[in-house]
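K.L.:
Dumping the structure here so I can ask a few things about it.
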Amino acid sequence: MSYQVIARKWRPQKFEDVTGQEVLTRTLQNSIEHGRLHHAYLFSGARGVGKTTTARLVAKALNCHKATGPTPTPCAMTDATACASCREIAEGRSMDVLEIDAASNTGVDNVRDVIINSVAVAPARDRYKVFIIDEVHMLSGAAFNALLKTVEEPPPRVVFIMATTGAHKVPETISSRCQLFEFRTIATAKIAERLRVIADADKISISDEAIREIARAGDGSMRDAQSGFDQVISFAGEEIKTEDVEKALGIAGADVLARVISGIAENKPAEALAIVDDLVMRGHNLRNFCRDVLGHLRDLLVVKVSGDPKLLDSSSMPTAELQKQANLFSESDLVRFFHSLAETEASLKEAANPRYQVEVGLVKLMEMRRLASLADLIGRIAKLENALRAGKPPAERKTSQAAPASGSSKASTRSASASSSTTASAMVDEVSDSREALAPTSAFPLDQIKAALVKQKRRLLIAALDAARRAELTGDDFSIEFTSETRHYRDTLAKIDNLKALRETCSEVCGRDIGILFSIKDDEGEAPASSEEAEHRSKQSARQAAAQNPIVQQVLRAFGGEIVDVKAP
Ligand SMILES: [Zn+2]
């Protein structure tokens, strides 16, 4: 016996067997059972999801000889006593059920020949004359016009079933006269279930994992999955391993995807070349590989954003594993990776040598984290250059060059330690009044910053902020002033980790990039105790003057720095 392709051999014989369209087939069965028939149906949905199969089942149901009227349970071909009508429809040779493939018969003449001229002729033997028009959106405008009249006023006992993968291309005049049924793409798990039934019946030994890989490659289409299964069987015979599936279908397995992800996480561009070489040696399709990685990145993003298992139906690995990989990246990282790889994938269409394209695309992906920080840095330098060239800070910055008056310093010291935000903003008002040039650009959010630090359990930072004699936001700078007695707090804050946490928290609270400026200043009027102390003081004031210089501030903010020493020219 010759080999019959799975899709044909296993074409559903009952409405219940149409995988993944349960609601839709039940609705159809009910309307058939209760005689609520429509004269025109439009089935829309992706390829291979059961549209034509369902159309044939409807035709069978309308004409089955086993009942005196339309029946929701027509004969199955496995049924030895199947009636002539059902048998002929299944074999595509029924006189009263005409199938037209609009993709190859787009012209108006075809529509006239096959439909218009025969529509008036009563059914030859059966109850209904059924026209199944596949890919109906491919018909020409003239053909649609010719069809319209018939669909508008169909003769009795004529039913049109139109199927399309492009419902939006079907003219409104036609679709508005049809009862619409939207076919869903089929969940991977459901496709896998069906493939398992087929494998068991045909005595094919295959693991669940391998079945899942085939189902996944079908991408929501039962027909594609089944023809994939055919390919795998002709490649590997009746003993199928996961590796065979990956080889036969040229798909990237979970292990390759994991390698790509760890390559990105660990910045290992060399790994990119090794992976592509592997794929080429194993004869994989590189474009499919890109799509697999894109799908995987999407899955990681889903895990990160929602974690809804329903959305992870076609993922290549267990959710726990996805979770582990997703934790390596931020949401925006994953979005950037996705966009970059999507560009690579799109460029493959016209690439003379796809291998190079994929290699470079993957290297780019694996260097992305490093490149991103570099790009960020270049941006900052460019901004700085512009500022230097203009000899002044960028226009949006309102920092004054004037040194703060000592009186207002005290006021802001109080504001720094004020606990309620209303008091704090009242203090800020007072400060602004007495010192217009240095007016903070917004209400001082110290309390919010502290609250955020409490959440991060950074109590040491809060203690240090509390110890400051002055802590205020001026323009884009958070200036924190200590006395020589409390300078160890400054040292604590200046530690790279702490400084980073403080900067990030401030920037987050203020909604913009905030720089941190430290200074040490003792009460004025206090006589220097020694010459050593005097020198210390003069250095201090030089540092302070430097800290007030807008260009210096710009540099500090651009590089997250701190003034350590000031040397006279
Ligand atoms: Zn029948």
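K.L.:
For the stretch 86-104, give me the residue count where each residue is part of a helix (DSSP H, G or I) and either under 17 Å from Met138 (Cβ atoms) or within 11 Å of the ligand (Cβ to nearest atom) (or both).
P.N.:
Of all residues in the stretch 86-104, those part of a helix (DSSP H, G or I) come to 86-91.
Right, trim to either under 17 Å from Met138 (Cβ atoms) or within 11 Å of the ligand (Cβ to nearest atom) (or both) and you get 86-90.
Counting residues in the stretch 86-104 that are part of a helix (DSSP H, G or I) and either under 17 Å from Met138 (Cβ atoms) or within 11 Å of the ligand (Cβ to nearest atom) (or both) gives 5.
K.L.:
For the stretch 51-85, enumerate the residues that are surrounded by 19 or more Cβ atoms within 10 Å (Cβ to Cβ), near the ligand (Cβ under 8 Å from one of its atoms) and of a type outside the set (Gly, Ala, Ser).
P.N.:
Lys60, Asn63, Cys64, Pro74, Cys75
K.L.:
Which of the residues spanning the stretch 1-40 are among the aliphatic types (A, V, I, L, M), crowded, with 18+ Cβ neighbours inside 10 Å and within 39 Å of the chain's Cα centre (by Cα)?
P.N.:
Residues satisfying the conditions are Ile6, Val18, Leu24, Leu28, Ala40.
K.L.:
To continue, here is another question. Is it the case, given these coordinates, that Ile191 is touching a helix residue (DSSP H, G or I) at 6+ places or on another chain (Cβ under 7 Å) and either closer than 22 Å to Asp292 by Cβ or not acidic (Asp, Glu) (or both)? Explain how you work it out, then say what you get.
P.N.:
Numbers: touching a helix residue (DSSP H, G or I) at 6+ places or on another chain (Cβ under 7 Å): yes; either closer than 22 Å to Asp292 by Cβ or not acidic (Asp, Glu) (or both): yes.
When the stated conditions are applied, Ile191 passes them.
K.L.:
For the stretch 17-50, enumerate the residues that are of a type in the set (D, E, K, R) and within 16 Å of the ligand (Cβ to nearest atom).
P.N.:
Hits for the stretch 17-50 are Asp17, Glu33.
K.L.:
Still on this model: Between a residue in the stretch 536-549 that is in the same structural domain as Phe518 (by TED's automatic domain parsing) and any residue that is assigned to a helix (DSSP H, G or I), which pairs come within a Cβ distance under 6 Å, given they are 6 or more apart or on different chains?
P.N.:
That search, which allows pairs on different chains as well, returns Ala546/Val552.
K.L.:
Please give the number of the condition Ile378 fails out of (1) β-branched (Val, Ile, Thr); (2) under 29 Å from Ala210 (Cα atoms); (3) modelled with pLDDT under 85.
P.N.:
Result: Ile378 passes all but (2).
K.L.:
Give just the number: which of (1) over 38 Å from the mean Cα position of the chain (by Cα); (2) touching a residue at least 12 places away in the same chain (Cβ under 8 Å); (3) farther than 19 Å from Leu556 by Cα; (4) surrounded by fewer than 18 Cβ atoms within 10 Å (Cβ to Cβ) does Gln456 not satisfy?
P.N.:
Here Gln456 clears every test but (1).
To keep it simple, each residue is scored yes or no on (1) over 19 Å from Ala46 (Cα atoms); (2) of a type in the set (A, V, I, L, M); (3) not assigned by TED's automatic domain parsing to the domain that holds Pro12.
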site: Glu193; (1), (2), (3): yes, no, yes
site: Val197; (1), (2), (3): yes, yes, yes
site: Ala210; (1), (2), (3): yes, yes, yes
site: Arg216; (1), (2), (3): no, no, yes
site: Gly220; (1), (2), (3): no, no, yes
site: Gln226; (1), (2), (3): no, no, yes
site: Val232; (1), (2), (3): yes, yes, yes
site: Ala236; (1), (2), (3): yes, yes, yes
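K.L.:
Related question: Can you spot a residue in the stretch 389-400 that is modelled with pLDDT under 80, more than 30 Å from Leu348 (Cβ to Cβ) and in contact with a Lys or Arg (Cβ under 9 Å, 6 or more places away or on another chain)?
P.N.:
yes
K.L.:
Next question, about the same structure. Residues that are closer than 18 Å to Thr164 by Cα, in contact with a His (Cβ under 8 Å, 6 or more places away or on another chain) and more than 13 Å from the ligand (Cβ to nearest atom): does the stretch 105-118 have at least one?
P.N.:
For the stretch 105-118, residues closer than 18 Å to Thr164 by Cα, in contact with a His (Cβ under 8 Å, 6 or more places away or on another chain) and more than 13 Å from the ligand (Cβ to nearest atom): absent.
The values are calculated or read from the model by the stated rules, or taken from the named source; none is laboratory data. Keep in mind that what you see is a predicted model, and the values were worked out from it rather than measured. Neighbour counts are summed over all protein chains in view; Cβ atoms, including those assigned to glycine, are modelled from backbone coordinates with ideal geometry.
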